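Each remark here refers to the structure printed beneath this line.
The values are calculated or read from the model by the stated rules, or taken from the named source; none is laboratory data. Given the structure is predicted, the values throughout are model-derived calculations rather than measurements. Cβ: placed from backbone, ideal geometry, glycine included. Neighbour counts: every protein chain shown.
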Amino acid sequence: MTEKYHIRTLRLKIYPFGEGKKVVKNRVYQISNDAWKAANWIVSGQSFNDTLVRRLYARKKIDAKNDKVGVEQVEKEFKDFFGTKRQATTERDIKEMFPNIPPCVTNPLNQVVVSSYKKEKSDMLMGKRSLRSYKQGMPFTVTKTSVVLFEDEDKHGTQWKLNREECLYFHIAYGRDKGNYKETITKILNNELDYAAPQIQVKKGNFYLLLPIKDVQQNIKLDSELSVGIDLGVAVPAYVALSKGKARKAVGSSADFLHNRLQIQRRKRGLQKSLRITSGGHGREKKSFALKRMEDKERNFAKTYNHMVSRNVVDFAIKNKAGVIKLEFLKGFSREEPDGFILRNWSYFELQTMIEYKAKRAGIEVVKIDPYHTSQICSSCGHYETGQRDKQTFKCANCGEKLHADHNAALNIARSQNIVTKKEQCQYHKVMKAVA
């Protein structure tokens, strides 16, 4: 039986060592600075190629969907003129434009950027998004064979082979190692774990190795008929309940979350006001740095809190052997909901994404359900009537069932069969559209 894997990425801080560490630093800075420029060259080059081919179709009056012979003829003309196929043109170009980027970077960089471009191309043609832009400091993929991990006495390190003659050496800094990264690297060195093509990133003067680890999916016996419903609420960030039985759990407190996040936002506004009266010079530069640091602090706090909530949610499902996790489809509803303030400050999409990938590790299926009336319907008898929910208490006007409001909503979500994949399928969206 073929083992199933899931990918988790370790973010390892690395630093050069030895007498030539300054040379190593300058070389990494050089590659990083060229990589984002090359990425933009690739995406604009692919867009140019597609535009050119579409113009040829139009001039020759070729129906790209039905005229297979005409399409093949245009592709042949393109290859004859440029000397290669569409995808390969940009890889060849960046090797000429940026000779300091080694082949272990140009090849995977072209593949990753072209792959992203192809996924987004249909949305760009429909005007739903613009051409992707890559920024300085972006992580860039390198070939797996170019990165070799090693053990140096009591330290772990990595060798980055740029070509046959040039190698860069780094030690790994684990810090407090809350994620047990050192243990994971030890398992890789002992051939107990494998990894995929890594990435290198330069951020704020530090070097990072982003290492995708191939973890064997946990072999947990799960009940595919048992679901966990998650109500993402205001007073309680995540209230979880089983579709059968009485097991339930309230995860986190929005009061604690908002107290900390809003405090950071107040400090940010104070710095922004100070910048208005600062004309320029070192004072403005110093305050701008402080503002950026505060923005990073707010973002890191929200991300850490979402990690905590998502971990608790998935652990609840594993403990109760639930094979399915059900979430409300919330994409696109933040401005329409009465709780827009909490939605703006919570990063629900990020929380749902974290729940999804953590659940996938355990082999738990995650589905989205229509959020229409999940908070107002009685989970016992299915009766709907306005006014049944009063803040944190739900009392059914039909059967008299009395529950915590978030518990009632979580039960409705867990038992719902209204699975949706896009906003247009949601009844709430249909009702709002009809009213408008």
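Here are some notes:
- Residues that are small (Gly, Ala, Ser) and within 22 Å of residue 199 (Cβ to Cβ), drawn from region 123-155: 133, 137, 146
- Looking at 34, 80, just one residue is in contact (Cβ under 8 Å) with a residue 24 or more places away in the chain and assigned by TED's automatic domain parsing to the domain that holds residue 98, and that residue is 34.
- Residues within region 336-364 that are within 11 Å of the chain's Cα centre (by Cα) and at pLDDT 80 or above, tallied: 7
- Any chance residue 158 is among the polar types (S, T, N, Q), outside the structural domain of residue 48 (by TED's automatic domain parsing) and either under 20 Å from residue 24 (Cβ atoms) or part of a loop (DSSP other than H, G, I, E, B) (or both): yes
- Any hit, region 247-255, residues being surrounded by 15 or more Cβ atoms within 10 Å (Cβ to Cβ) and modelled with pLDDT under 70: yes
Here is a yes/no grid of residues against (1) in contact with a helix residue (DSSP H, G or I) (Cβ under 7 Å, 6 or more places away or on another chain); (2) free of Cβ contacts under 8 Å to residues at least 40 places away in the same chain; (3) within 18 Å of residue 201 (Cα to Cα):
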{"position": "93", "(1), (2), (3)": "yes, no, no"}
{"position": "99", "(1), (2), (3)": "no, yes, no"}
{"position": "114", "(1), (2), (3)": "yes, no, no"}
{"position": "146", "(1), (2), (3)": "yes, no, yes"}
{"position": "164", "(1), (2), (3)": "no, yes, no"}
{"position": "170", "(1), (2), (3)": "no, no, yes"}
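- The residue of region 203-245 that is surrounded by the most Cβ atoms within 10 Å (Cβ to Cβ), among those that are within 12 Å of residue 320 (Cα to Cα) and in contact with a Ser or Thr (Cβ under 7 Å, 6 or more places away or on another chain), is 227.
- Look at region 391-418: where a residue is in contact (Cβ under 8 Å) with a residue 40 or more places away in the chain and a partner is part of a helix (DSSP H, G or I) and surrounded by fewer than 22 Cβ atoms within 10 Å (Cβ to Cβ), sitting 6+ places away or on another chain with Cβ atoms under 9 Å, you get 418/425; 418/427.
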